[in-house]
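The values are calculated or read from the model by the stated rules, or taken from the named source; none is laboratory data. None of the values given here were measured: they were computed from a predicted structure. Because the Cβ atoms are built from the backbone with ideal geometry, glycine has one as well, and the counts that use them run over all protein chains shown. Only protein heavy atoms, including side chains, enter the accessible area calculation; ligands, DNA and RNA are left aside. Shrake-Rupley method; radii C 1.70, N 1.55, O 1.52, S 1.80 Å.
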Amino acid sequence: VVSTQSTGSSGINAEYGEIMTDLGKSSHMYDRDDIEAEHAEREMRQKLKSAFKMFIEKVENLTNGKVEFDTPFRDLGFHGVPNRSSCLLQPTTHCIINVVEWPPFVIALDEVELIHFERVQFQLKNFDMVFIFKDYSRKVEMINSIPMSSLDAIKEWLNSCDIKYTEGAVSLNWGKVMKAIVDDPDRFFDDGGWKFLDPESDAEDEEDEDDEDQSFNPAEDPDAEGSEESDSDEDYSSDTSDSEDSESGSGSSEESGKDWSDLEAEAKRDDQNRQGREEMEDDSPRRKKKLKVSRSSGSKKRK
């Protein structure tokens, strides 16, 4: 309780430099007064840093570690517009903060359920970041006009913090969206929750449904086709083997029914027939010559 009011977070601010600078005042870079003012400001910063460090150590010792102080990671910082002006937003272990510009901007990551990126398009230079809290009755927080070059670094930081994020190309009316969720939360969860923010999840669900709808058809099963082909091959091989066996069996039976003398007689007849064919082939050119001579003599006699 601070000033009889319950507060969720508190901050301690201290000014260590001039907020406003008179740009109309003419000054030289080697002006002694300006050099002394810069030197005094640098010394005051060092004193405030050492005093704040001592304050942190004393608080942690007195509370036995129950109170912890977060240190912002400047390397993970990015520029955006949480209120009216652009500022450097820096993540910490448990929060994302801006304590330089007024009013300060602090969001505890433990209270965030989902982060949605709006206006994520290639032709745009900036995008918006929406913080959706676990308490749906709480108004969403936004950081506008974040450079597109910081998108990948922010996603890596959210992955390291195990915070889910989605992205879209258009801006949503979050007042109406959150009101519809609060009015009928059961319907919201029955419809898939925050899936409507992620178009990729819808496409994956449709593919899964298509795969489940496809029934098993044994005619299209490659194993069944392979088994049928193998069966047909086996049948064909068995048929051919049976026919070969029958032919070989018949030949062997015929040969086994003849005597040795019969076989010799068949061999002699084959040899005689072969010799007769050869003699006829040798005599054929001689016969042709005789026929030519006889025809020529007959023609002379007629003359």
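Determine the pairs where a residue that is farther than 30 Å from VAL130 by Cα, located within the stretch 55-83, has a partner that is modelled with pLDDT under 90 and not in a loop (DSSP other than H, G, I, E, B) with Cβ atoms under 9 Å apart, the partner being 6 or more residues away or on another chain.
Filtered contacts from the stretch 55-83: LYS66/GLU60.
Could you tell me whether GLU111 is open to solvent by 50 Å² or more (accessible area, probe 1.4 Å) and at pLDDT below 90?
no
I'd like the full set of residues that are in a loop (DSSP other than H, G, I, E, B), closer than 30 Å to PHE78 by Cα and either at pLDDT below 90 or open to solvent by less than 50 Å² (accessible area, probe 1.4 Å) (or both), limited to the stretch 171-216.
Selection gives ASP198 alone.
Among the candidates ILE97, ILE56, single out the residue that is of a type in the set (Val, Ile, Thr) and closer than 22 Å to ASN126 by Cα.
ILE97
Before we move on, is LEU124 open to solvent by less than 70 Å² (accessible area, probe 1.4 Å) and touching a residue at least 40 places away in the same chain (Cβ under 8 Å)?
So LEU124 does not fit the description; no.
How many residues does the stretch 26-57 hold that are in a helix (DSSP H, G or I), open to solvent by 100 Å² or more (accessible area, probe 1.4 Å) and modelled with pLDDT under 75?
Going through the stretch 26-57 one residue at a time, the tally reaches 2.
Going by the structure shown, is GLU167 under 24 Å from THR93 (Cβ atoms) and at pLDDT 90 or above?
no
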